[in-house]
Amino acid sequence: MLSVFLGITFASYAQNHSYKYQYRMVRLDSTYDARLDPGLVKYFERHKARLDKKMNEVIGHCEVTLNVESPKSPLSDLLTGLLLNDGPSAIRQEACDLSILNFGGIRTNLQAGDVTVGDIFKVSPFDNYLVVITVKGSELRKAVNRFRLDALMAASAGMEVSYKNNVPDRIMIQGKELQDDALYRLITLNFISEGGDNILDGIQYENTEYSMLIFRDFLIDEVKKITKSGKSVSDGFAKN
């Protein structure tokens, strides 16, 4: 159900030269005017029908529910794996060493059954873009050393972190020990590259390659690709 609100701000000026502001939201419904504008109703109905058709389009099937939870879960593993495996080529970039997503950006589980475009919107509602970062190992270590197992914000693929007493103890990239002097290619989202959830906040990059591909659109294409290969979304990656 779509609700429309109007924000109203009241400002007053006192003799002591101070300003006072008050703000409230007013729901635009029949409380103030029960009359319907036929033209506006027709406009919304037309666009709602078009949107519903798009959102209800079945693009795949999931045999089991893929849940999301920190520090590790089936859905976060699937999404980071897809991003690492197919993300670089989707934005015409060379292969990357690891991918990072934020658990907060994966908004809900992917339920068993038919997968629609609307389901992917529920999982990833934000307009975040794919970004490839080149980062020195020492800088990546700084970021990972801030991770805490009991409050992990970052999901990743291509990187394995061992923990001791809740803090990182060993960092492996593509099965090898992280090297401080090495350069690593990391594919992530612009939200994270810009410091979102403090995952990479304050980390110095050697290079950043931006794209115009929204992560959600990438996921929709990936689900279609998996379906075309004859697999369930819960089975994992499509055959190349």
All positions within region 1-60 that are modelled with pLDDT under 60, exposed (fewer than 10 other Cβ atoms within 10 Å of the Cβ) and of a type in the set (Val, Ile, Thr): Val4
Residue count for region 39-84, restricted to those that are under 20 Å from the mean Cα position of the chain (by Cα) and not acidic (Asp, Glu): 22
Residues of region 184-200 satisfying the condition of being in a strand (DSSP E or B) and of a type outside the set (Ser, Thr, Tyr): Arg185, Leu186, Ile187, Leu189
Top-ranked residue of region 195-218 - restricted to ones that are in contact with a Leu (Cβ under 8 Å, 6 or more places away or on another chain) and of a type in the set (Phe, Trp, Tyr), ranked as nearest to Arg92 (Cα to Cα): Phe218
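Quickly run through region 181-192 and pick out the residues that are surrounded by fewer than 19 Cβ atoms within 10 Å (Cβ to Cβ) and touching a Ser or Thr at 6+ places or on another chain (Cβ under 8 Å). I'd like the intermediate steps shown before the answer.
In the first step, residues of region 181-192 are kept if they are surrounded by fewer than 19 Cβ atoms within 10 Å (Cβ to Cβ); the result is 181-183, 190.
Passing the criteria: Asp181, Leu183.
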Matching residues, region 55-79, being under 16 Å from Ser124 (Cβ atoms) and either β-branched (Val, Ile, Thr) or assigned to a helix (DSSP H, G or I) (or both): Met55, Ile59, Val68, Pro74, Leu75, Ser76, Asp77, Leu78, Leu79
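From Gly195, Gly118, Gly158, which residue is buried (at least 19 other Cβ atoms within 10 Å of the Cβ) and in the same structural domain as Thr80 (by TED's automatic domain parsing)? Break it down into steps so the answer makes sense when it comes.
Details: Gly195 fails: buried (at least 19 other Cβ atoms within 10 Å of the Cβ); Gly118 fails: buried (at least 19 other Cβ atoms within 10 Å of the Cβ).
Exactly one of Gly195, Gly118, Gly158 is buried (at least 19 other Cβ atoms within 10 Å of the Cβ) and in the same structural domain as Thr80 (by TED's automatic domain parsing), namely Gly158.
Quick one: which of Phe126, Phe121 is under 24 Å from Glu69 (Cα atoms) and in a loop (DSSP other than H, G, I, E, B)? I'd like the intermediate steps shown before the answer.
On the way: Phe121 fails: in a loop (DSSP other than H, G, I, E, B).
Unique residue meeting the criteria: Phe126.
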When residues of region 124-145 are limited to those that are surrounded by 16 or more Cβ atoms within 10 Å (Cβ to Cβ) and of a type in the set (Gly, Ala, Ser), the one nearest to Asp180 (Cα to Cα): Gly137
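Answer yes or no as to whether Asp114 is in a strand (DSSP E or B), under 20 Å from Asp235 (Cβ atoms) and not basic (Lys, Arg). Full working, then the answer.
Details: in a strand (DSSP E or B): yes; under 20 Å from Asp235 (Cβ atoms): yes; not basic (Lys, Arg): yes.
Considered against the rule, which asks whether it is in a strand (DSSP E or B), under 20 Å from Asp235 (Cβ atoms) and not basic (Lys, Arg), Asp114 comes out as yes.
Filter region 88-103 for residues that are in contact (Cβ under 8 Å) with a residue 60 or more places away in the chain, outside any strand (DSSP E or B) and surrounded by 15 or more Cβ atoms within 10 Å (Cβ to Cβ) and give the result. Don't jump to the end; show me each part of the working.
Taking region 88-103 and keeping what is in contact (Cβ under 8 Å) with a residue 60 or more places away in the chain, we get 88, 90-91, 93-102.
Those left that are additionally outside any strand (DSSP E or B): 88, 90-91, 93-97.
Result: Pro88, Ala90, Ile91, Gln93, Cys96, Asp97.
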Scan of region 217-240 for residues that are buried (at least 19 other Cβ atoms within 10 Å of the Cβ) and of a type in the set (D, E, K, R), ordered by number: Glu222
Of all residues making up region 219-238, the number that are of a type in the set (S, T, N, Q) and either touching a Leu at 6+ places or on another chain (Cβ under 9 Å) or free of Cβ contacts under 8 Å to residues at least 60 places away in the same chain (or both): 2
Residue pairs meeting the criteria (Cβ under 9 Å; at least 6 apart or on separate chains; first farther than 29 Å from Gly118 by Cα, in region 25-51; second at pLDDT below 70): Tyr32/Val26
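Being in contact with a Lys or Arg (Cβ under 7 Å, 6 or more places away or on another chain) and either farther than 21 Å from Glu139 by Cβ or not in a helix (DSSP H, G or I) (or both) narrows it down to one residue among Ile220, Ile203; which is it? Walk me through how you get there before you give the answer.
Working: Ile220 fails: in contact with a Lys or Arg (Cβ under 7 Å, 6 or more places away or on another chain).
Only one candidate passes the filter, namely Ile203.
The values are calculated or read from the model by the stated rules, or taken from the named source; none is laboratory data. Remember, it's a predicted structure, so these values are computed and weren't measured experimentally. Positions of Cβ are generated from backbone atoms using ideal geometry, with glycine treated the same way; all protein chains shown enter the neighbour counts.
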